[in-house]
Amino acid sequence: MKQRLFLSFLLAIAMVVYGLEYLPFDGSGMDRVFAWSWLVFAMMVISGNGLHLLYQRKRKKRVAVPIRYVTQSREKMRG
């Protein structure tokens, strides 16, 4: 999972670096809107992947609940 996130993070950065020179920031109205919206969405992808890499929680092992505990708690609930 971490490798996929890291790969997506690096590929998104590479796309921005490569595509930045080809985006028409000084073009006509719609060209400029496209360039800025593409850049905003790319930054959202980069920040999402980066934050997920930074704040990824380590999953604990799932431990089965003993049957005795489950039956005792059911008896207490029934009264």
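The values are calculated or read from the model by the stated rules, or taken from the named source; none is laboratory data. All figures in this text were calculated on a predicted structure; none of them were measured in a lab. In this analysis, Cβ positions are derived from the backbone assuming ideal geometry, glycine residues included, and neighbour counts consider all displayed protein chains.
Anything in the range 12-35 that is surrounded by fewer than 12 Cβ atoms within 10 Å (Cβ to Cβ) and not small (Gly, Ala, Ser)? List them, or say none.
Val17, Tyr18, Glu21, Tyr22, Pro24, Phe25, Asp26, Met30, Val33
Restricting to the range 26-70, and then to whatever is part of a loop (DSSP other than H, G, I, E, B) and over 26 Å from Lys2 (Cα atoms), can you tell me which residue is modelled with the lowest pLDDT?
The selected residue is Val65.
Residues of the range 7-25 being in a helix (DSSP H, G or I) and of a type in the set (Phe, Trp, Tyr), which ones?
Listed by number, the residues that qualify are Phe9, Tyr18.
Go through the range 1-25 and give me each residue that's at pLDDT 90 or above and among the charged types (D, E, K, R).
Glu21 - this is the single residue of the range 1-25 that is at pLDDT 90 or above and among the charged types (D, E, K, R).
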